[in-house]
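Here is the structure we will look at.
The values are calculated or read from the model by the stated rules, or taken from the named source; none is laboratory data. Computed from a predicted structure; not experimentally measured. Glycine gets a Cβ as well: all are built from the backbone with ideal geometry, and neighbour counts include every protein chain shown.
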Amino acid sequence: MSRWQRDPHLQRLVAERHQGHLSRRAFLARLGGSVAGAAAAGVVGHVKPAGAQKKVVVTMWDTEPNPATRAAVKAIVEDFAKLHKDIEIRAEGMGWADMDRKLQAAMAAKSPPTASHTQTYVVTSFRAKGLIEPVDDLVKAIGEDRIFPSVLRWLKYPDGKYWGLTHAWGADMLGGRGDYLKGTDVDPRSWKTWDDWLRDLPKLTKAPQYYGLSLSGLPFFANEDVYMWAGSNGGSLFDAKGQPALETPPILGMLEFWKKVRPSLPPGWASHDYLETLSAWATGKTAQVYMWGRTAGYIDQYAPPDKRNPEVFQIWPKTIGPLGKAPLTQFDNEPWVFYADAPADEKAAAKEFLKFFFKAENYRRYCDSVPVHLNSIFKADFQDSAYMGHPERKRWKPWLDAQVKWVEIGRAHPLLICNPQDMLVPWIGDVAAAPILADMVMAVVERGKDPKAAAKEASDKISRDIIGKAKG
Amino acid sequence: MSRRRRQALIGMGLLLPSAALVLVFTLFPVGYNLWLGFYAKHSLRATSTWVGLGNYAQLLGDPDFWRSVWLATEYAVLSTALQIVVGVAAALILHQRFPGCDFLRGVALFPYMIPTVIAVFVWRWLMNDLYGVIPYVLGTLPIPMPAAWLTHDTIMWVLIVLSVWTFFPFVLVNVLARLQTIPPELYDAARVDGASAARQFAHVTLPQLRNVLLIVMLLRGIWMFTKFDVPWLLGFGGGAGEAIRTLPVFTYQRSFTYYQAGMGAALSNVMFGLLLMAVTIYFIAFPPAEEANDA
């Protein structure tokens, strides 16, 4: 039944008009007045007391944009919404580069998200600038003693506080094509030093069919190789005072080593991005690659069906430089951080959500979305047959074991952190964002510049353009 | 209030919204950018420090800045010149009537219409040293070719060719439109005088195209000098992309990867000043001809 049929006032008006008691003009005028009154009454009638319908809207940005993880996050958010009608979680996934830009714009507008994923160096930089808050209450609520010490290690600062909470962890690995070993006398298990590796790299190169190693030349990824190799050669990018240490022997040795690796790289390596290196490995255009657990997805997508297994896509040992004692790999611990400028009620709601997120039944869904890459932060999960029995974890168990081993020996460090003390360098995030380290590598490897001169130029830039500006 | 005064007030009132929009969206950002160039300001912090001309002084002594100016100039000059050559040649061809010419006129606009990000990523795939079709085909030719094209030595050429492919239709459309308005009597007269096709082009077509070409050259030159998206998407400002770190890319990196908002603003101001100088010189060297000369 339409509204006017239920409204006696409107019915009377229409009847009067039909009977000729009202002129057309008078009918329209009174009808207009009635409708306006009804509309106003409707609006007033729908207003509820302040606070009764107030919903806290929480904005959370993460760096897991792949569809499977998005679906898992969406399901968790929906389940949370059923229990918390007063909280709306807006979870958005994006790539690292997008996150960097979006965060900058949000910070400049003093309108950051409630919480977001970051890197450890970003935590350090943001903490030094007063942009984030500690999350001790969250870590303790989830269970500090349940989390891997190697995860917590990179979240706790000298003030004794936790400044972030890792959503999931991973360790970088050297992947090698087992099928390319046939017909060579190469045994990667024997590799201990850079010299061992350099000896065998040419044997794993059959250009242009395939190359010995694939690296990305783009700054973010070149930074990864710079600090992993520097750390594997006993060096660090910063001295004890946080000043650049690029002119030290371990770093110069790393640059010389890179020059020797160069002939085994694809000729266009300097323009390859990270995902290109993964697809090159999956499709057989390269024998080795530095990679993460998510590469399993690329293998399933691009490799021939009969090769999609860890016997072909093996894990090979990382080696040490002449000045190093142990190889260093990258630890991906990507903590959630909470922004100081976000409203308090949003932060409280976001913490409620994360407590819900880290409950076993929810967190397992999240980790299972990329099973060998989003590794659980809880120690007990690695003893749990349900977690370890996931078909993908069983299938790629050597990959999982390799990551756990890196964590156990304590040689998986977050990006740019060769020594634990580097975590306190307040401008480490700024160094990571700038292309200075990648430029240094390109100057030496691609433009033939003397490593000492290139290292000095990079040091000067860090001192002038980053440390100088930070102090100013 | 007099009628004249009332009309003036109404006129000003009507102009006010437009003037306010220009003020808010054009003059304010430009003024703010000029002001910001005198400060050292971290992109993530609300505070800033007055440095006067410090940012500009630092730029003058920075070899990376001068390199970016050189790369931007090289890119702008070569890509604009080639766009003009290819655009005029294509316009002359499409000015003729032949079967399929209407279809070709539509197809010729295609590179200009597709989004830049798609165009650049397609070219990145085409030029990839491991999978790309173009290096593969070029590799079959009996002449020496680089093993890869997206390298420090050759990426600038890829950028130029890609830019010419993407932007020559702008030249084509403008020149073709002008060609269609040249009176045929001029060509008839030239033919009666025994002028060859080449002489007709040199003495009839080119003079008639002069004004259009001057404007197109100016616009394309400015746009290529300030072009950010194509060099950025092709090289991402690092790796081999270091070799195409033109002034706009350098400016972007100062603002958003070095987090130097003040320096980035100073660089934008320098870019504006350089363009202003170039345009002034351009108009002195090539004053627009009187419209009467065209007909």
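Considering only residues that are touching a Ser or Thr at 6+ places or on another chain (Cβ under 8 Å) and in a helix (DSSP H, G or I), look in segment A:108-136 and name the one that is nearest to A:TYR162 (Cα to Cα).
By that ranking, first place goes to A:PHE126.
Can you tell me which residue is surrounded by the most Cβ atoms within 10 Å (Cβ to Cβ) among those in segment B:1-36 that are within 27 Å of the chain's Cα centre (by Cα) and aliphatic (A, V, I, L, M)? Even if it seems obvious, please write down each step before you answer.
Keep residues of segment B:1-36 that are within 27 Å of the chain's Cα centre (by Cα), which gives B:21-36.
Then keep just the ones that are aliphatic (A, V, I, L, M); that gives B:21-24, B:27, B:30, B:34, B:36.
Working: B:LEU21: 10, B:VAL22: 12, B:LEU23: 11, B:VAL24: 10, B:LEU27: 11, B:VAL30: 13, B:LEU34: 14, B:LEU36: 21.
Of everything passing the filter in segment B:1-36, B:LEU36 is surrounded by the most Cβ atoms within 10 Å (Cβ to Cβ).
Any chance segment B:163-170 includes a residue that's within 14 Å of another protein chain (Cβ to nearest Cβ) and either surrounded by fewer than 22 Cβ atoms within 10 Å (Cβ to Cβ) or part of a helix (DSSP H, G or I) (or both)?
no
Report, by residue number, each residue of segment A:434-456 that is among the charged types (D, E, K, R) and facing another protein chain (nearest Cβ under 9 Å).
Here is the first cut: in segment A:434-456, the ones among the charged types (D, E, K, R) are A:439, A:446-447, A:449-450, A:452, A:456.
The answer is A:ASP439, A:GLU446, A:ARG447.
Go through the residues of segment B:284-293 one by one and say whether even a single one is surrounded by 18 or more Cβ atoms within 10 Å (Cβ to Cβ) and not β-branched (Val, Ile, Thr). Break it down into steps so the answer makes sense when it comes.
Filtering segment B:284-293 for residues surrounded by 18 or more Cβ atoms within 10 Å (Cβ to Cβ) gives none.
So far as segment B:284-293 goes, no, none of its residues is surrounded by 18 or more Cβ atoms within 10 Å (Cβ to Cβ) and not β-branched (Val, Ile, Thr).
Consider A:TRP197 carefully, then state whether it is within 23 Å of A:ARG411 (Cβ to Cβ) and assigned to a loop (DSSP other than H, G, I, E, B).
no
Scan segment A:377-388 and give yes if some residue there is closer than 22 Å to A:THR59 by Cα and among the hydroxyl-bearing types (Ser, Thr, Tyr), otherwise no. Give the steps one after another, and end with the answer.
The first filter runs over segment A:377-388 and keeps only residues closer than 22 Å to A:THR59 by Cα, leaving none.
No, segment A:377-388 has no match at all.
Give the residues of segment B:100-145 that are surrounded by 11 or more Cβ atoms within 10 Å (Cβ to Cβ), of a type in the set (S, T, N, Q) and under 25 Å from A:LEU265 (Cβ atoms), sorted by residue number.
B:ASN128, the sole residue that qualifies.
Could you list, in sequence order, the residues of segment A:215-236 that are touching a Leu at 6+ places or on another chain (Cβ under 7 Å), assigned to a helix (DSSP H, G or I) and within 14 Å of chain B (Cβ to nearest Cβ)?
Listed by number, the residues that qualify are A:ALA222, A:ASN223, A:GLU224, A:ASP225, A:VAL226.
Could you look through segment B:251-262, keep only residues that are buried (at least 23 other Cβ atoms within 10 Å of the Cβ) and within 22 Å of the chain's Cα centre (by Cα), and pick out the one that is nearest to the other protein chains (Cβ to nearest Cβ)?
B:GLN253
So in segment A:287-322, with the set limited to residues that are among the small types (Gly, Ala, Ser) and surrounded by fewer than 22 Cβ atoms within 10 Å (Cβ to Cβ), which one is nearest to the chain's Cα centre (by Cα)? Quick ask: steps written out before the conclusion?
Keep residues of segment A:287-322 that are among the small types (Gly, Ala, Ser), which gives A:287, A:293, A:296-297, A:303, A:321.
Now restrict to residues that are surrounded by fewer than 22 Cβ atoms within 10 Å (Cβ to Cβ): A:297, A:303.
On the way: A:GLY297: 17, A:ALA303: 25 Å.
Residue satisfying both the conditions and the ranking: A:GLY297.
Would you confirm whether or not segment B:267-280 contains a residue that is at pLDDT 95 or above, out of contact with any Asp or Glu (no Cβ under 6 Å at 6 or more places or on another chain) and within 14 Å of chain A (Cβ to nearest Cβ)?
Checked against the condition, which is being at pLDDT 95 or above, out of contact with any Asp or Glu (no Cβ under 6 Å at 6 or more places or on another chain) and within 14 Å of chain A (Cβ to nearest Cβ), segment B:267-280 yields at least one hit.
Look through A:VAL431, A:VAL404 and report the one residue that is out of contact with any strand residue (DSSP E or B) (no Cβ under 7 Å at 6 or more places or on another chain), more than 14 Å from chain B (Cβ to nearest Cβ), among the aliphatic types (A, V, I, L, M) and part of a helix (DSSP H, G or I).
Details: A:VAL431 fails: more than 14 Å from chain B (Cβ to nearest Cβ).
After ruling out the rest, the residue left standing is A:VAL404.
Look at segment A:103-112 and say how many of its residues are closer than 17 Å to A:ALA350 by Cβ and surrounded by 13 or more Cβ atoms within 10 Å (Cβ to Cβ). Before you say what the answer is, go through the steps one by one.
Of segment A:103-112, the ones closer than 17 Å to A:ALA350 by Cβ are A:103, A:106, A:111-112.
Adding the requirement that they be surrounded by 13 or more Cβ atoms within 10 Å (Cβ to Cβ) leaves A:103, A:106, A:112.
Residues that pass the stated criteria total 3.
May I ask you to list pairs of residues, at least six apart or on different chains, whose Cβ atoms are under 6 Å apart, with the first in segment A:180-195 being under 29 Å from A:LEU323 (Cα atoms) and the second being of a type in the set (A, V, I, L, M, F, W, C)?
The qualifying pairs are A:PRO188/A:TRP316; A:TRP191/A:TRP197; A:THR193/A:ILE320; A:TRP194/A:PHE257.
Checking A:ASP136 against (1) modelled with pLDDT of 95 or more; (2) touching a helix residue (DSSP H, G or I) at 6+ places or on another chain (Cβ under 6 Å); (3) under 19 Å from A:ASN333 (Cα atoms), which single condition isn't satisfied?
(2)
When only residues in segment B:80-132 that are within 14 Å of chain A (Cβ to nearest Cβ) and part of a helix (DSSP H, G or I) count, which is farthest from A:SER214 (Cα to Cα)? Spell out how you get there, then give the answer.
Pass one, segment B:80-132, residues within 14 Å of chain A (Cβ to nearest Cβ): B:117, B:120-121, B:123-132.
The next check asks that each one be part of a helix (DSSP H, G or I); those that pass are B:117, B:120-121, B:123-127.
Working: B:VAL117: 25, B:VAL120: 23, B:PHE121: 20, B:TRP123: 21, B:ARG124: 17, B:TRP125: 17, B:LEU126: 19, B:MET127: 17 Å.
Among residues in segment B:80-132 that are within 14 Å of chain A (Cβ to nearest Cβ) and part of a helix (DSSP H, G or I), the one farthest from A:SER214 (Cα to Cα) is B:VAL117.
Of everything in segment B:61-79, what is within 12 Å of chain A (Cβ to nearest Cβ) and either of a type in the set (A, V, I, L, M, F, W, C) or free of Cβ contacts under 8 Å to residues at least 24 places away in the same chain (or both)? Give them in sequence order. First the steps, then the outcome.
Restricting attention to segment B:61-79, the residues satisfying the condition of being within 12 Å of chain A (Cβ to nearest Cβ) are B:61-65, B:67.
Selection gives B:GLY61, B:ASP62, B:PRO63, B:PHE65.
Please indicate, with yes or no, whether at least one residue in segment A:107-120 is in contact with a helix residue (DSSP H, G or I) (Cβ under 6 Å, 6 or more places away or on another chain), within 30 Å of B:ALA261 (Cβ to Cβ), in contact (Cβ under 8 Å) with a residue 24 or more places away in the chain and away from chain B (no Cβ under 14 Å).
Within segment A:107-120 (the criterion being in contact with a helix residue (DSSP H, G or I) (Cβ under 6 Å, 6 or more places away or on another chain), within 30 Å of B:ALA261 (Cβ to Cβ), in contact (Cβ under 8 Å) with a residue 24 or more places away in the chain and away from chain B (no Cβ under 14 Å)), the answer is yes, since at least one residue qualifies.
Identify, from the list A:GLY212, A:GLY284, the residue that is surrounded by fewer than 20 Cβ atoms within 10 Å (Cβ to Cβ), of a type in the set (Gly, Ala, Ser), in contact with a strand residue (DSSP E or B) (Cβ under 9 Å, 6 or more places away or on another chain) and within 14 Å of another protein chain (Cβ to nearest Cβ). Spell out the reasoning first.
On the way: A:GLY212 fails: surrounded by fewer than 20 Cβ atoms within 10 Å (Cβ to Cβ).
Testing whether each residue is surrounded by fewer than 20 Cβ atoms within 10 Å (Cβ to Cβ), of a type in the set (Gly, Ala, Ser), in contact with a strand residue (DSSP E or B) (Cβ under 9 Å, 6 or more places away or on another chain) and within 14 Å of another protein chain (Cβ to nearest Cβ) leaves just A:GLY284.
Among the residues of segment B:41-60, what is the count of those that are within 33 Å of the chain's Cα centre (by Cα), in a loop (DSSP other than H, G, I, E, B) and either closer than 28 Å to A:PRO112 by Cα or within 10 Å of chain A (Cβ to nearest Cβ) (or both)?
So the count comes out to 3.
Given (1) more than 9 Å from chain A (Cβ to nearest Cβ); (2) in contact with an Asp or Glu (Cβ under 8 Å, 6 or more places away or on another chain); (3) under 21 Å from A:PRO263 (Cβ atoms), identify the lone condition not met by B:THR154.
Failing condition for B:THR154: (2).
How many residues does segment A:257-281 hold that are closer than 25 Å to A:ALA412 by Cα, in contact with a helix residue (DSSP H, G or I) (Cβ under 6 Å, 6 or more places away or on another chain) and buried (at least 24 other Cβ atoms within 10 Å of the Cβ)?
Of the residues in that region, 1 qualify.
Can you spot a residue in segment A:445-452 that is in contact (Cβ under 8 Å) with a residue 60 or more places away in the chain, touching a strand residue (DSSP E or B) at 6+ places or on another chain (Cβ under 6 Å) and either part of a loop (DSSP other than H, G, I, E, B) or not assigned by TED's automatic domain parsing to the domain that holds A:ASN233 (or both)?
Start the filter on segment A:445-452 by keeping residues that are in contact (Cβ under 8 Å) with a residue 60 or more places away in the chain, which leaves A:445-446, A:451-452.
Subset that is touching a strand residue (DSSP E or B) at 6+ places or on another chain (Cβ under 6 Å): none.
No: segment A:445-452 contains no residue that is in contact (Cβ under 8 Å) with a residue 60 or more places away in the chain, touching a strand residue (DSSP E or B) at 6+ places or on another chain (Cβ under 6 Å) and either part of a loop (DSSP other than H, G, I, E, B) or not assigned by TED's automatic domain parsing to the domain that holds A:ASN233 (or both).
Can you name the number of the only condition in (1) away from chain A (no Cβ under 14 Å); (2) in a helix (DSSP H, G or I) that B:MET1 fails?
(2)
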